[in-house]
1. In the range 66-85, what residues are surrounded by fewer than 19 Cβ atoms within 10 Å (Cβ to Cβ) and farther than 23 Å from D120 by Cβ?
2. Output yes when any residue across the range 193-206 is open to solvent by 80 Å² or more (accessible area, probe 1.4 Å), within 23 Å of A86 (Cα to Cα) and either modelled with pLDDT of 95 or more or under 21 Å from the mean Cα position of the chain (by Cα) (or both), and no when none is.
3. Being surrounded by fewer than 19 Cβ atoms within 10 Å (Cβ to Cβ) and within 11 Å of R202 (Cα to Cα) is the filter here; which residues of the range 157-181 pass it?
4. Which residues, counting only those in the range 44-59, are over 15 Å from T105 (Cα atoms) and open to solvent by 70 Å² or more (accessible area, probe 1.4 Å)?
5. So which residues in the range 135-155 are out of contact with any Pro (no Cβ under 6 Å at 6 or more places or on another chain) and surrounded by fewer than 20 Cβ atoms within 10 Å (Cβ to Cβ)?
6. May I ask you to list the residues in the range 92-116 that are closer than 17 Å to L50 by Cβ and either free of Cβ contacts under 8 Å to residues at least 24 places away in the same chain or open to solvent by 10 Å² or more (accessible area, probe 1.4 Å) (or both)?
7. Is it the case that G172 is within 20 Å of the chain's Cα centre (by Cα) and more than 22 Å from A143 (Cα to Cα)?
8. Being modelled with pLDDT of 95 or more, open to solvent by 20 Å² or more (accessible area, probe 1.4 Å), out of contact with any Leu (no Cβ under 7 Å at 6 or more places or on another chain) and more than 30 Å from P191 (Cα to Cα): is that true of D120 here?
Amino acid sequence: MGSSPFPRGCAELIAFPSPNFSDRRGGVLPSLIVIHYTAMASCAEARARLCAPEHEVSAHWLVSETGQAEALVPEALRAWHAGAGAWAGITDVNSHSIGIELANTGSQPFPEPQMAALEDLLRGIMARWQIAPQGVIGHSDMAPLRKSDPGARFDWRRLARQGLSIWPERRGDASRDLANSLDVIGYPAAPEAARLAAFRLRFRPWAQGAESAEDRACADAVAQQVLACA
């Protein structure tokens, strides 16, 4: 039997390969992981779309509501999941990232089996490619004008407590400039309102209204985490 392009232990998942991929441009290695939700009614419906050549969209992994992780594109290749956007100065996010789609309509909580499977998946990917916790981002982070996934219901703090993402565990300096903090964190250029909305969606989903001291303090705390890990 020939060697598999997918990580060991995933042989049973190659039943759903997607044709929607290319080589990573410039021979770069992935340094980011982008988490999405599928915004479709079922995992099967999402899988069909991610594997249909006419849609020209894919991801490396699809995780069902029951916790089954399906490998669709080998991690060494460039899946077409991120689209237009940027993060930390990277504009070709597809070439620099691994995409994970979570089967979720966008309006429902993420079930425990799905979150547990995602955590296992992240541990493996981060170890294989030496991706740091600050490199695990949401689709809304890199495309604040277009995307809102994985959304306000996604538990980023849970991931951070296991070293699988970042989360501010202390209050930062509310006198720090919000735009500068968002630049340090990695948010791309966009209207101020869009960047604030994207930041809040990730770190303060309950917040509303105009920019506040709490937004600035939270953003400074996150920025200091990123700088400490650089």
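1. Selection gives W80, G83, A84.
2. No, every residue in the range 193-206 fails to be open to solvent by 80 Å² or more (accessible area, probe 1.4 Å), within 23 Å of A86 (Cα to Cα) and either modelled with pLDDT of 95 or more or under 21 Å from the mean Cα position of the chain (by Cα) (or both).
3. R157, W167
4. Residues satisfying the conditions are P53, E54, H55, E56.
5. Answer for the range 135-155, where residues must be out of contact with any Pro (no Cβ under 6 Å at 6 or more places or on another chain) and surrounded by fewer than 20 Cβ atoms within 10 Å (Cβ to Cβ): L145, R146, S148, D155.
6. Result: N94, E101, T105, G106.
7. No.
8. Yes.
The values are calculated or read from the model by the stated rules, or taken from the named source; none is laboratory data. Not measured: the values here are computed from a predicted model. With ideal geometry, Cβ positions are generated from the backbone for all residues, glycine too; neighbour counts draw on all protein chains shown. Please note that ligands, DNA and RNA were not included when accessible areas were found on the heavy atoms of the full protein model with its side chains. Shrake-Rupley method; radii C 1.70, N 1.55, O 1.52, S 1.80 Å.
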